[in-house]
Each structure stands twice: as structure tokens, then as C-alpha cells.
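The values are calculated or read from the model by the stated rules, or taken from the named source; none is laboratory data. Keep in mind that what you see is a predicted model, and the values were worked out from it rather than measured. No Cβ is skipped: glycine too gets one built from the backbone with ideal geometry, and neighbour counts run over all protein chains shown.
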Amino acid sequence: MTNLTDEQRQKLIQAALEARRWAYAPYSHYHVGAALLTSSNRIYDGVNVENAAYPDGICAERVAVFKAVSEGEREFTAIVVATQNGGTPCGSCRQVLAEFGLDTMVLIADESGVVQQEMSVRELLPGSFGAASLTKNEKRKA
Ligand code: THU
């Protein structure tokens, strides 16, 4: 687990808050901004993008991860998720974050940028299914 400097932390929170304005959420009106810090010290942001065909929408966290991965990044230090009320990442986003490392820190901020909760992906998704689960010798628990 990498500790963020105060500067990195503030920059990341600010990036998530600023991204939030671009959320496309005409159905839920729940605007989410995410900002993901890579080990190369770059920030990729993301917002939720909804669709009239509801299940086709996507969360802010996954947009940020997919943007980063599509630019060649695979190592993530931290992600800030900013919402009006400090909501936590959904199960699908936890799973997508887990794919790239259980040590990534997740900071949950409210609309004022106050961090309400802070935990690792490991803590957010205990007992996660990952690449190791697919190997032949992995014991399967009933
Ligand atoms: N949403 C996110 O962007 N991230 C989450 O972790 C939880 C939910 C979005 C999906 C949908 O556009 C809206 O918030 C309401 O569920």
C-alpha cells in the first residue's frame, strides 16, 4: 500500500470533484466523479454515463479505470470517488478495481471534498475472485 502525499491527495480529490460536473446522469440525477492515480503519477478521471436503456450505463470508477488501462496503465495507487453524499463503489466497480490490485486505496469523498471513508480494495471486496482463482490448483471452497 502506497501512502499518498498531502499534495497527491488534494490533487486527486480536486480532480474527482471537477470531473463530477461532466457526469451524464439524467435518470438517477446521482452525479459521480472519480479520479484514479497511477504508479506513474498520472491522474485519469471518469464520470458515470447513463443510458435510456438503463443497464447500458456505466459507473464513474470503471470509466476511469478503462481510460487508464486503454492508455497503457495497469498499476494504480488510489482512486477518489466523489458523490453528493459519500456513496461507496458498487460491486462491479470493486471487482474491476480488484483486477488491478487489492492494495489500491479507495477514498470516498462527498461533494465538498471531505473524505468520509478510506479503505483498500482488499477491504472493500473481501474474498475476491481474481486471476489466481482460475488456476488449476486453486482449491475450490464449497
Ligand atoms: N454510480 C457510480 O458511478 N459509481 C458507483 O460506485 C455507484 C453508482 C452511478 C451509476 C448510476 O449512473 C448512478 O450512480 C446511480 O446508481
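Can you go through Leu17, Leu37, Leu4 and tell me which one is touching a Phe, Trp or Tyr at 6+ places or on another chain (Cβ under 9 Å), within 20 Å of Val114 (Cβ to Cβ) and either aliphatic (A, V, I, L, M) or buried (at least 23 other Cβ atoms within 10 Å of the Cβ) (or both)?
Details: Leu17 fails: touching a Phe, Trp or Tyr at 6+ places or on another chain (Cβ under 9 Å); Leu4 fails: touching a Phe, Trp or Tyr at 6+ places or on another chain (Cβ under 9 Å).
Selected residue: Leu37, the only one of Leu17, Leu37, Leu4 that is touching a Phe, Trp or Tyr at 6+ places or on another chain (Cβ under 9 Å), within 20 Å of Val114 (Cβ to Cβ) and either aliphatic (A, V, I, L, M) or buried (at least 23 other Cβ atoms within 10 Å of the Cβ) (or both).
Yes or no, residue by residue, for (1) in a strand (DSSP E or B); (2) not small (Gly, Ala, Ser):
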{"position": "Pro55", "(1), (2)": "no, yes"}
{"position": "Ala64", "(1), (2)": "no, no"}
{"position": "Gly72", "(1), (2)": "no, no"}
{"position": "Val80", "(1), (2)": "yes, yes"}
{"position": "Gln84", "(1), (2)": "no, yes"}
{"position": "Cys93", "(1), (2)": "no, yes"}
{"position": "Gly101", "(1), (2)": "no, no"}
{"position": "Ile108", "(1), (2)": "yes, yes"}
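I'd like the full set of residues that are under 22 Å from Ile13 (Cβ atoms), out of contact with any helix residue (DSSP H, G or I) (no Cβ under 7 Å at 6 or more places or on another chain) and more than 8 Å from the ligand (Cβ to nearest atom), limited to the stretch 30-54.
Just the residues of the stretch 30-54 that are under 22 Å from Ile13 (Cβ atoms), to begin with: 30-49.
If we keep only those that are out of contact with any helix residue (DSSP H, G or I) (no Cβ under 7 Å at 6 or more places or on another chain) too, we end up with 30, 39-42.
Ser39, Ser40, Asn41, Arg42, listed by residue number.
Within the stretch 55-82, track down each residue that is near the ligand (Cβ under 10 Å from one of its atoms) and of a type in the set (Asp, Glu).
Across the stretch 55-82, the qualifying residue is only Glu61.
Suppose we filter Glu75, Glu61, Glu118, Glu71 for residues that are within 23 Å of Ser40 (Cα to Cα), modelled with pLDDT of 95 or more and exposed (fewer than 12 other Cβ atoms within 10 Å of the Cβ); which single one remains?
Glu71
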